[in-house]
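Notes to accompany the following structure.
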Amino acid sequence: MSDSVKQLVARARDQVRNLSVAEVAEALETGTVTLVDLREPDEVQREGTIPEAVRAPRGMLEFWADPGSPYHRAEFDPSAPTILYCASGGRSALAASTLQALGYTDVSHLDGGLAAWKADGRPVTFQAGDPS
């Protein structure tokens, strides 16, 4: 019998660090963490993004994050603190688990995603051309 996506996300949440909005905000204040927005471009355009986040659509994450990949991007460092987020926390939990498998030693995700961030009254930004 196969697992449901709900079961996969629950298993991933058990395997990764689930950070609260306050914990993510505190980590961002240090300036030593890479925050990664996994949402698709249309989601970012509609909802905005957490300031200073690196935008990496979920479908490209492994390719951009793996230093051995020809698509690797310098923003991704397996030894650097990395926090992932998505809309509500499911994709980011799965992605954090995947980055651990790629050798990332300090990876976590924002539990509740951008929805929790906004519900806590935290700021979001829109890029030029995005709705404000």
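The values are calculated or read from the model by the stated rules, or taken from the named source; none is laboratory data. Owing to the predicted nature of the structure, the values given are computational and were not obtained by experimental measurement. Here Cβ is always computed from backbone atoms with ideal geometry, including for glycine, and neighbour counts include all displayed protein chains. We work out accessible area using only protein heavy atoms, side chains counted, and drop any ligands, DNA or RNA first. Shrake-Rupley method; radii C 1.70, N 1.55, O 1.52, S 1.80 Å.
Looking only at residues that are open to solvent by less than 40 Å² (accessible area, probe 1.4 Å) and not in a helix (DSSP H, G or I) in region 104-123, which one is farthest from residue 8 (Cα to Cα)?
Looking at residues that are open to solvent by less than 40 Å² (accessible area, probe 1.4 Å) and not in a helix (DSSP H, G or I), I get 104.
So residue 56 clears everything in (1) in contact (Cβ under 8 Å) with a residue 24 or more places away in the chain; (2) closer than 25 Å to residue 120 by Cβ; (3) touching a helix residue (DSSP H, G or I) at 6+ places or on another chain (Cβ under 7 Å) except one condition, right? Which one?
Condition (1) is where residue 56 drops out.
Which pairs have Cβ atoms under 6 Å, sit 6 or more apart or on different chains, and link a residue in region 70-87 that is over 19 Å from residue 117 (Cα atoms) to one that is among the small types (Gly, Ala, Ser) and crowded, with 18+ Cβ neighbours inside 10 Å?
These pairs meet every condition: 76/65.
If residue 45 satisfies every condition in (1) more than 22 Å from residue 9 (Cβ to Cβ); (2) touching a His at 6+ places or on another chain (Cβ under 6 Å) but one, which is the exception?
In the conditions (1) more than 22 Å from residue 9 (Cβ to Cβ); (2) touching a His at 6+ places or on another chain (Cβ under 6 Å), residue 45 misses (2) alone.
Would it be correct to say that residue 10 is small (Gly, Ala, Ser), more than 15 Å from the chain's Cα centre (by Cα) and either within 16 Å of residue 117 (Cβ to Cβ) or modelled with pLDDT of 95 or more (or both)?
no
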